[in-house]
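Enquirer: Provided herewith is a single structure, encoded as structure tokens, for subsequent inquiry.
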Amino acid sequence: MAYPIRHSQSPATHNAAYEKLGVDIVNLAFEVNADDLEDAIKGLRALKMRGSNISMPNKTIVHKYLDEVSPAAMLCGAVNTIVNRDGYLIGHNTDGIGYVQSLKDNSIDPAGKKVTIVGSGGAATAVQIQSALDGVREMSIFARDDSFRDNALETVDKINKNTNCKATFYPLEDLDCLKKEMASSYLFTNATGVGMKPLEGQTYIPDASFFPKELIVTDVIYSPHETAMLKMARKAGCKTMNGQGMMLFQAIAAIELMLGQRVDSEYMKEKLGISYVYED
Ligand code: NAD
């Protein structure tokens, strides 16, 4: 349920998984905006649907119509998956779970380590909260001074109050500080829209000296496959990863929550033509 939804890849991903699992379930895209959301959720209950994937503009408001919200979704302030347990609706957020699982899928494990993440929107919040819940030791969060900036300050506060991770906010305008924090991190993540249309070809990273070759560099953007930032990092010798893995694994995690069954990720990658790690 989202608006707009016509270009969503969710039905193709979910239906490929249901076919592989051999379950008689289909995923359909419904164009639902915020005004119709309450009625749509009532419909979900009435029609005894197994659940729903939720995207914008509904992610941050749908919790009002649910019976329970998972701790991670509560901290993120957003729900992307609803599971219907006999009429009792539970909201989850698998965006961050998908990101962390895509790292693990490539033997990248930030638990106990320091990471630097840029961004203050929906994707950034999910990645930051889940990484902290999953054991990242220290997190430097950068965001530019715009209408999203307060989200990042709130996320830092939530992480420091609710997890063992020590989070710190820095302004993205301070590029010397960004370079310093990146240099002392195991993992760097762009979780902004910079690099995707209409900002395709752009990056806030001034030059390749920001990328020591031991740094693992990831982007939540999945289109284009390789953003200008990832390309610069790969050329500097870093292992890089785009957002296709996050997208795939958030769907796999959502299906697991709804059905209690996990589809083989290698099958899904082949079926959907997904490859998301670059190592020169
Ligand atoms: P959003 O609108 O909630 O947030 C946008 C973020 O980008 C904010 O932090 C904003 O400050 C930042 N930003 C925008 N322009 C900027 C600029 N010029 N310089 C610096 N920062 C800038 O968006 P979102 O939903 O968080 O999505 C962000 C990106 O993540 C998009 O490219 C989206 O496609 C991607 N995404 C990927 C997945 C996945 O599964 N891989 C899931 C969700 C979102």
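Bear in mind these aren't lab numbers, they're just calculated from the coordinates by the rules spelled out. Values in this document were obtained by computation on a predicted structure and should not be read as measured data. Reconstructed Cβ throughout: ideal geometry from the backbone, glycine too, with neighbour counts over all protein chains shown.
Enquirer: Suppose every Lys and Arg Cβ carries +1 and every Asp and Glu Cβ carries -1, with no other charges. What dipole size does the chain come out with about its Cα centre, to the nearest 20 debye?
Expert: So the magnitude is around 340 debye.
Enquirer: To continue, here is another question. What distance in nm separates the two pseudo spin-label positions at Leu199 and Glu214, each 7 Å out from Cα along the beta-carbon direction?
Expert: Label at Leu199, label at Glu214, 3.0 nm between them.
Enquirer: Say the dipole of segment 1-141 comes from +1 at the beta carbon of Lys and Arg and -1 at that of Asp and Glu; which of Leu28, His92, His7 then lies farthest toward its positive end?
Expert: Highest projection toward the positive end goes to His92.
Enquirer: Which value in nm describes the separation of the simple spin-label points at Ala46 and Asp264, placed 7 Å from the Cα toward the beta carbon?
Expert: 4.2 nm
Enquirer: Mind checking segment 151-253 for GluC sites (Glu not before Pro) that DSSP puts in a loop (not H, G, I, E or B) and that have at most 11 other Cβ atoms within 10 Å? Can you show the working numbers first?
Expert: Working: sites: Glu154, Glu173, Glu181, Glu200, Glu214, Glu226; in loops: Glu173, Glu200, Glu214, Glu226.
Of the GluC sites (Glu not before Pro), the ones in loops of segment 151-253 whose Cβ has at most 11 other Cβ atoms within 10 Å are Glu214.
Enquirer: Set the bar at 18 Å for Cα to Cα. Now go through Lys166/Lys239; Lys104/Lys179; Lys158/Lys179; Lys213/Lys235 and name every pair that lies beyond it. Working shown, then result.
Expert: Numbers: Lys166/Lys239 25 Å; Lys104/Lys179 25 Å; Lys158/Lys179 25 Å; Lys213/Lys235 9 Å.
Those over the limit are Lys166/Lys239; Lys104/Lys179; Lys158/Lys179.
Enquirer: Identify the chymotrypsin sites (Phe, Trp or Tyr not before Pro) of segment 1-92 meeting these criteria: DSSP loop state and at most 16 other C-beta atoms within 10 Å of the C-beta.
Expert: Numbers: sites: Tyr18, Phe30, Tyr65, Tyr88; in loops: Phe30.
Here the chymotrypsin sites (Phe, Trp or Tyr not before Pro) that fit, given the DSSP loop and packing criteria, are Phe30.
Enquirer: Let me ask something else about it. Straight-line reach from Lys180: which aspartates and glutamates fall under 18 Å, measuring Cα to Cα and dropping same-chain residues less than 8 apart?
Expert: Hits, sequence-local ones excluded: Glu138, Asp207, Glu214.
Enquirer: From the alpha carbon gyration tensor of the chain, can you work out the equivalent ellipsoid semi-axes (sqrt of 5 times each eigenvalue) and give them in Å, largest to smallest? Can you show the working numbers first?
Expert: Details: eigenvalues 198, 88, 56 Å².
Listed largest to smallest, the semi-axes of the chain are 31, 21, 17 Å.
Enquirer: I want to verify the translational diffusion coefficient of segment 81-191 in µm²/s; compute it with Stokes-Einstein, Rh as the Kirkwood radius over Cα pairs, at 4 °C and 1.567 mPa s. Each step should come with its number before you reach the end.
Expert: Working: Rh = 14.4 Å.
The Stokes-Einstein estimate is 90 µm²/s.
Enquirer: Related question: What number does segment 99-144 give for Rg over Rh if you use C-alpha atoms and the Kirkwood radius? Don't skip to the answer; put the middle values down first.
Expert: Working: Rg = 10.2 Å, Rh = 10.7 Å.
Ratio value, two decimals: 0.95.
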